[in-house]
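Written below as structure tokens is the structure these notes are about.
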Amino acid sequence: MSAHGWAAEVDLGRLAEWMDAQGRGSGAIDSVTPLTGGTQNVLLRFFRDGAEYVLRCPPPGAKPEIHATFLREARLLGALAGTAVPHPRLIAACRDASVLGAPFYLMAPVDGFTATPTPLRGLYATDPTWRHAMGLSMVDALLRLGEVAPDAVGLADFGRPEGFLERQVPRWLMHLERCAEQPGWPGPQALPGVREVADWLEAHVPAANVPGLMHGDYHFGNVMFRHDRPALAAIIDWELATLGDPLLDLGWLVATWPDRDGRGAGTIRIAPADGLPSTAELIEHYRQRSARDLSAIDWYVAMARFKLGIMLEASHARSCAGKAPAETGAQHHASALRLLEAAIAGIEVRA
């Protein structure tokens with residue numbers, strides 16, 4: 001959402017009327033600032049009656065399933081209230097699409113910053129021990145999420161954990177096949193080894209852990225860090241959250257983790273990167289603090305690399321069809337190749 005595009009999409013008068021009915025202040029909405037972060041969703045920060053809010057809603061013309069995803073995300077944020085999981089506090093949600101043209105919700109602003117792709121600042125930039133702590137704090141947040149009992153917070157029906165791991169490979173192979181609908185995409189041969197990795201994953205599906213809440217896209221770009229100390233301020237962007245095996249979130253974190261040069265999967269960049277924990281440290285930090293069985297963690301990492309590689313290749317396919325920037329598509333394709341190479345290397349080590 002551009003700095004000016006939101007004005008044509010969000011009727012502040014209608015929003016104010018709805019807030020009146022919700023008892024959320026009175027008077028005009030002012031000091032409206034669009035927030036960025038790589039999302040195509042509408043994300044606005046504003047003041048009303050001395051209080052500060054963040055509005056989050058789908059982009060104009062979003063399909064009904066996107067509307068449902070927003071309501072699902074709002075439900076999750078509401079359920080996390082009172083838990084130890086760092087998250088944006090939900091203020092109110094609106095299911096009525098007639099108010100702004102789509103469902104939306106209001107949340108409290110997060111006092112924090114995203115670490116990618118801009119260079120780190122303050123002690124995060126100058127003190128390697130801060131960077132080490134910030135990395136471990138990402139694992140700590142996953143531990144807190146894994147401790148939430150879904151039924152205790154009203155989310156027992158938030159997903160289908162039975163057979164969750166077994167469904168992953170067929171689902172994502174189908175996703176790759178659909179890329180053929182994009183003109184100009186060279187085909188699945190663009191991802192050498194994807195079939196080899198798929199076969200290995202299906203042959204080595206681990207016994208499922210205790211089902212739990214998953215973020216679904218857990219990496220540096222979807223968290224915010226505190227300014228005053230090296231710790232997480234909030235996990236954000238919960239669109240892919242579900243009930244499943246929480247160890248896949250840990251595998252995802254490992255698969256997207258920046259290398260020594262600070263380059264992670266996709267567009268993730270951390271600078272400077274020295275001092276960040278190694279992926280082995282991330283896993284061990286989790287292992288020492290969780291009762292979950294991590295004996296098959298290599299499978300979860302390979303699964304994450306496989307899935308994310310296909311997701312990034314889908315972005316490349318859209319760019320081939322002119323539906324996304326060519327530069328972004330090329331970057332995502334290169335990242336997908338690296339992810340599949342890493343997955344294959346891991347499989348060969350275990351063979």
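Odds and ends about this structure:
- Options G154, G159, G184: the member that is closer than 27 Å to K323 by Cβ, open to solvent by 20 Å² or more (accessible area, probe 1.4 Å) and either aliphatic (A, V, I, L, M) or touching a residue at least 60 places away in the same chain (Cβ under 8 Å) (or both): G184
- Of all residues in segment 28-87 being of a type in the set (S, T, Y) and part of a loop (DSSP other than H, G, I, E, B), the one that is modelled with the highest pLDDT: T83
- First in segment 228-247 and free of Cβ contacts under 8 Å to residues at least 12 places away in the same chain, second anywhere and open to solvent by 30 Å² or more (accessible area, probe 1.4 Å), Cβ under 7 Å, 6 or more apart: none
- Filtered by the rule that a residue be open to solvent by 40 Å² or more (accessible area, probe 1.4 Å), within 23 Å of L43 (Cα to Cα) and hydroxyl-bearing (S, T, Y), segment 115-144 gives a lone residue, T118.
Here is a yes/no grid of residues against (1) open to solvent by 50 Å² or more (accessible area, probe 1.4 Å); (2) polar (S, T, N, Q); (3) under 20 Å from T36 (Cβ atoms); (4) in contact with a Lys or Arg (Cβ under 6 Å, 6 or more places away or on another chain):
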site	(1), (2), (3), (4)
E73	no, no, yes, no
A79	no, no, no, no
T83	no, yes, no, no
L90	no, no, no, no
D96	yes, no, no, no
A102	no, no, yes, no
L106	no, no, yes, no
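- Whichever residue in segment 92-114 is part of a loop (DSSP other than H, G, I, E, B) and among the aliphatic types (A, V, I, L, M) and, among such residues, is nearest to N41 (Cα to Cα): A102
- Of all the criteria given as (1) open to solvent by 30 Å² or more (accessible area, probe 1.4 Å); (2) under 20 Å from M138 (Cβ atoms), the one not satisfied by A207 is (2).
- Residue identified as more than 15 Å from D140 (Cα to Cα) and at pLDDT 95 or above among H219, H227: H227
- Screening R269 on (1) under 19 Å from L165 (Cβ atoms); (2) touching a Lys or Arg at 6+ places or on another chain (Cβ under 7 Å) shows it passes everything except condition (1).
- Residues of segment 179-197 that turn out to be small (G, A, S) and more than 14 Å from G329 (Cα to Cα), as a count: 3
- Subset of segment 165-193 [modelled with pLDDT under 95 and aliphatic (A, V, I, L, M)]: A180, A190, L191
- Qualifying residue in segment 119-142 (condition: under 20 Å from L240 (Cβ atoms) and either without any contact (Cβ under 8 Å) to a residue 12 or more places away in the chain or outside any helix (DSSP H, G or I) (or both)): no
- Residues being among the basic types (K, R) and crowded, with 18+ Cβ neighbours inside 10 Å - total across segment 10-62: 2
- Selection within segment 263-282: residues that are under 19 Å from the mean Cα position of the chain (by Cα) and among the aliphatic types (A, V, I, L, M). The member of this set that is nearest to G212 (Cα to Cα) is L282.
- Some residue of segment 222-238 being surrounded by fewer than 18 Cβ atoms within 10 Å (Cβ to Cβ) and closer than 26 Å to A334 by Cβ: no
- Condition met for G193 (in contact with a Cys (Cβ under 7 Å, 6 or more places away or on another chain), more than 21 Å from Y286 (Cα to Cα) and not aromatic (F, W, Y)): no
- For H175, the conditions (1) open to solvent by less than 40 Å² (accessible area, probe 1.4 Å); (2) in a helix (DSSP H, G or I); (3) closer than 23 Å to K323 by Cβ are fulfilled apart from (1).
- Test result for G61, out of contact with any helix residue (DSSP H, G or I) (no Cβ under 6 Å at 6 or more places or on another chain) and farther than 30 Å from E147 by Cα: yes
Condition check ((1) open to solvent by 50 Å² or more (accessible area, probe 1.4 Å); (2) in a helix (DSSP H, G or I); (3) free of Cβ contacts under 8 Å to residues at least 24 places away in the same chain) across all residues:
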{"site": "A280", "(1), (2), (3)": "yes, yes, yes"}
{"site": "S290", "(1), (2), (3)": "no, no, no"}
{"site": "S315", "(1), (2), (3)": "no, yes, yes"}
{"site": "A334", "(1), (2), (3)": "no, yes, yes"}
{"site": "E341", "(1), (2), (3)": "yes, yes, no"}
{"site": "I347", "(1), (2), (3)": "no, yes, no"}
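The values are calculated or read from the model by the stated rules, or taken from the named source; none is laboratory data. Only a predicted model underlies this, so the values are computations on that prediction, with no experimental measurement involved. All Cβ positions, glycine included, derive from the backbone under ideal geometry; neighbour counts span all protein chains shown. The protein model used for the area step is the full one, side chains on, heavy atoms only, and it has no ligands, DNA or RNA in it. Shrake-Rupley method; radii C 1.70, N 1.55, O 1.52, S 1.80 Å.
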